[in-house]
1. Pick out, from the range B:1-57, the helices (runs of 4 or more DSSP H) lying fully within it that include 2 or more residues that are open to solvent by 50 Å² or more (accessible area, probe 1.4 Å) and without any contact (Cβ under 8 Å) to a residue 12 or more places away in the chain.
2. Can you pull out the residues in the range B:107-142 that are within 16 Å of ligand 2 (Cβ to nearest atom), part of a loop (DSSP other than H, G, I, E, B) and either farther than 23 Å from A:T129 by Cα or at the interface with another protein chain (Cβ under 7 Å from one of its Cβ atoms) (or both)?
3. Name the residue that is most open to solvent (accessible area, probe 1.4 Å), counting only residues in the range A:80-101 that are in a loop (DSSP other than H, G, I, E, B) and more than 7 Å from chain B (Cβ to nearest Cβ).
4. The conditions are (1) crowded, with 18+ Cβ neighbours inside 10 Å; (2) under 18 Å from the mean Cα position of the chain (by Cα); (3) farther than 30 Å from A:F128 by Cα, and B:T77 fails exactly one of them. Which is it?
5. I'm told B:P43 meets every condition in (1) at the interface with chain A (Cβ under 7 Å from one of its Cβ atoms); (2) within 30 Å of A:T67 (Cβ to Cβ) except one. Can you identify the failing condition by its number?
6. How many residues, within the range B:58-75, are assigned to a loop (DSSP other than H, G, I, E, B) and more than 8 Å from every other protein chain (Cβ to nearest Cβ)?
2 protein chains.
Amino acid sequence: MESKLQQNKKIEMFYQRSKEHGMKITPQRTAIYEELLKAKDHPTADDIYKRIVKKIPNISFDTVNRTLLTFSKIGITNVVEGYGQAKRYDPDMDIHHHFRCIHCGSIIDFHSSEFDNITVPDEISKQFTVISKKVVLEGLCSKCRKG
Amino acid sequence: MESKLQQNKKIEMFYQRSKEHGMKITPQRTAIYEELLKAKDHPTADDIYKRIVKKIPNISFDTVNRTLLTFSKIGITNVVEGYGQAKRYDPDMDIHHHFRCIHCGSIIDFHSSEFDNITVPDEISKQFTVISKKVVLEGLCSKCRKG
DNA sequence: AACTATATAGTAATTATTCTTAATTGTCAA
DNA sequence: TTGACAATTAAGAATAATTACTATATAGTT
Ligand SMILES: [Mn+2]
Ligand SMILES: [Mn+2]
Ligand SMILES: [Zn+2]
Ligand SMILES: [Zn+2]
């Protein structure tokens, strides 16, 4: 459970980041941010839209979608696995790991026996059936960190 | 570089899996599989389609797309992070990890100091700027493993 | 209160995926 | 080797997801 204090701290952070990036604080943005903070289910833009339209009936989906993208861009929220682009296939079925460039989207294989051998926490293996485990690193590839 | 021997072994595996699942070996499927094996770039269905249409000019995108989905389903290939569904947002910016159910798509948070402290291989940190690192476990959630 | 850059709603366009249908083809048993 | 037949295909239509456009409205400043 999250305390009211921590919640307020996050709202503060949201105001701060917005100012830093010259973004205006609008009722829509505030509502979207608050709705997002409440979510524990890694919602889609459409999920957030459906929740928020009950309070702000004439808000547009585009505003929600654009705002969430903006939040991700300025580091207020993250996009989790599931990036909303086309599916990408990997013919290499051997255990390996990925580095993903957040700028150009390229996915680069690498191998690491340390990563291969991580042990799944009991908390997870008791509740769920784990079929695969992998480490995903994200950042900028060599090409993109120049630009 | 991959040896011709390993390549053939994979083709054998492909025939085997296809038979096991009562799937017919068609020229289209074989071509798609061979094209996929060549790819080192985690291609999209459209990428594969564009490469293959040069050899089989009247193949349809749907066949390529459907075939790749089938391959994933029977464990001939994998879909990598970025599953081609809607983007999903995560307001929790603290370091944590995810379990993702391959059946219902739910993403469940978990914490692990072991996972937080994995060290990025030099090979990667020298070439790239790593911004985030996380472990992604996949499998069946408690609800889905019943069904 | 007026100004102005940014944001918004509403809509259109684009991209990605899946479905429908009729024709074709791979597999297997005779 | 030859049908029978179920699986697969191409083509186009439909749906889902995302992004773009534009005229109007507003937050933040002066
Ligand atoms: Mn890979
Ligand atoms: Mn999370
Ligand atoms: Zn890059
Ligand atoms: Zn599930």
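The values are calculated or read from the model by the stated rules, or taken from the named source; none is laboratory data. On a predicted model such as this, the values are computed, not experimentally measured, just so you know. Here the Cβ positions follow ideal geometry from the backbone for every residue, glycine too, while neighbour counts run over all protein chains shown. What goes into the accessible areas is simple: the full protein's heavy atoms, side chains included, and nothing from ligands, DNA or RNA. Shrake-Rupley method; radii C 1.70, N 1.55, O 1.52, S 1.80 Å.
1. Working: elements: B:4-20, B:27-38, B:45-52.
Output list reads B:4-20, B:45-52.
2. B:S112, B:C141 - these are the residues of the range B:107-142 that are within 16 Å of ligand 2 (Cβ to nearest atom), part of a loop (DSSP other than H, G, I, E, B) and either farther than 23 Å from A:T129 by Cα or at the interface with another protein chain (Cβ under 7 Å from one of its Cβ atoms) (or both).
3. Narrowing the range A:80-101 to residues in a loop (DSSP other than H, G, I, E, B): A:81-87, A:91-96.
Keeping just the survivors that are more than 7 Å from chain B (Cβ to nearest Cβ) gives A:92, A:94-96.
Details: A:D92: 41, A:D94: 106, A:I95: 81, A:H96: 18 Å².
My answer is A:D94.
4. (3)
5. Condition (2) is where B:P43 drops out.
6. Taking the range B:58-75 first, the residues assigned to a loop (DSSP other than H, G, I, E, B) are B:58-60, B:74-75.
Keeping just the survivors that are more than 8 Å from every other protein chain (Cβ to nearest Cβ) gives B:58-60, B:74.
So the count comes out to 4.
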